[in-house]
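Taking it in order: structure first as structure tokens, then the write-up.
The values are calculated or read from the model by the stated rules, or taken from the named source; none is laboratory data. Since we're looking at a predicted model, the values are computed, not measured. In this analysis, Cβ positions are derived from the backbone assuming ideal geometry, glycine residues included, and neighbour counts consider all displayed protein chains.
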Amino acid sequence: MENQDFSFKKYTGKETKVHVESETLITQGTFGDIFDTVVEIGGHRKKFIVKKYTSIGRSEKSSILPEEYIEEMLRNDTTMAFERYSLAKKAGLKVFPTFRIGEDEKSILMTTGFSDNEICVGTNSMVSVKNFEKPLIQKIENVDQFLADFFAEGLKATQQGILLYFDVFFFILSKKEPTKVDFLIGDFDNFSQPGYEIKNLKYRNMEQIRNALEDFCKRNIHKNYTGIFLEKVEYYFQQARGKWE
């Protein structure tokens, strides 16, 4: 896409053409590659994340599958993620404000979680605070509000029949210490309405959220704060599980 004009469509159907100035690979996931991208829109330069669905092309099976079949699979994965974003948006879940599908139907343009004051890390990724030259977290200033809101998001998703896998979440961390933490749902490759009975779905969502927090802790929190953090995670996990009994 670099040095190209490219169109992206919003979930409402509105299309916007941007000029892609540069893109830098950040990480590679199960379904695709993630790029830090600079685009020009209406004379203004802005930073976004672009996810390109390319993983099938790297798989061992690609050598025996027809190219047309691979291309169709990539487009299907991208379209499904785009449709699931619309579902999450309508359900009132915390999502990135921008999530648009590319004209090639194999790429997604989304809001970056990075700013002058914040960094972003995800679950199911080897990227952690260390990759951004930030020390492991010694204390989370808003830990109780953060955890209460996180588990409440799982209950909200449950009310809409949505299953939140642990790897759908991104964590927004302040660069300033003590660290403040927020979260967003940004990965829709494992996001679904499985039709589970609501009590079963609630327990599954609570377990997935706890798994996401434990993964976040393992990669980003200093051992001196790990015990305190995980005790609080367990407390809010039990509180959330107890609702609707």
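Here are some notes:
- Residue tally, condition among the aliphatic types (A, V, I, L, M) and touching a Cys at 6+ places or on another chain (Cβ under 9 Å), over the stretch 159-203: 3
Yes/no per residue for (1) over 20 Å from residue 241 (Cα atoms); (2) surrounded by fewer than 16 Cβ atoms within 10 Å (Cβ to Cβ):
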| position | (1), (2) |
| --- | --- |
| 109 | yes, no |
| 122 | yes, no |
| 126 | yes, yes |
| 140 | yes, no |
| 144 | no, yes |
| 166 | no, no |
| 172 | yes, no |
| 177 | yes, yes |
| 190 | yes, no |
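- Odd one out for residue 199, checked against (1) over 26 Å from residue 29 (Cα atoms); (2) out of contact with any Phe, Trp or Tyr (no Cβ under 9 Å at 6 or more places or on another chain); (3) of a type in the set (Lys, Arg); (4) assigned to a helix (DSSP H, G or I): (2)
To keep it simple, each residue is scored yes or no on (1) modelled with pLDDT of 95 or more; (2) over 18 Å from residue 159 (Cα atoms); (3) aliphatic (A, V, I, L, M); (4) outside the structural domain of residue 32 (by TED's automatic domain parsing).
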site: 177; (1), (2), (3), (4): no, yes, no, yes
site: 183; (1), (2), (3), (4): yes, yes, no, yes
site: 195; (1), (2), (3), (4): no, no, no, yes
site: 198; (1), (2), (3), (4): no, no, yes, yes
site: 207; (1), (2), (3), (4): yes, no, no, yes
site: 211; (1), (2), (3), (4): yes, yes, no, yes
site: 230; (1), (2), (3), (4): yes, yes, yes, yes
site: 234; (1), (2), (3), (4): yes, yes, no, yes
site: 237; (1), (2), (3), (4): yes, no, no, yes
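- Qualifying residue in the stretch 164-179 (condition: part of a loop (DSSP other than H, G, I, E, B) and in contact with a helix residue (DSSP H, G or I) (Cβ under 8 Å, 6 or more places away or on another chain)): yes
- Scanning the stretch 82-98 for residues that are over 18 Å from residue 48 (Cα atoms) and of a type in the set (Ser, Thr, Tyr) yields a count of 1.
- Qualifying residue in the stretch 36-52 (condition: of a type outside the set (Val, Ile, Thr) and modelled with pLDDT under 90): yes
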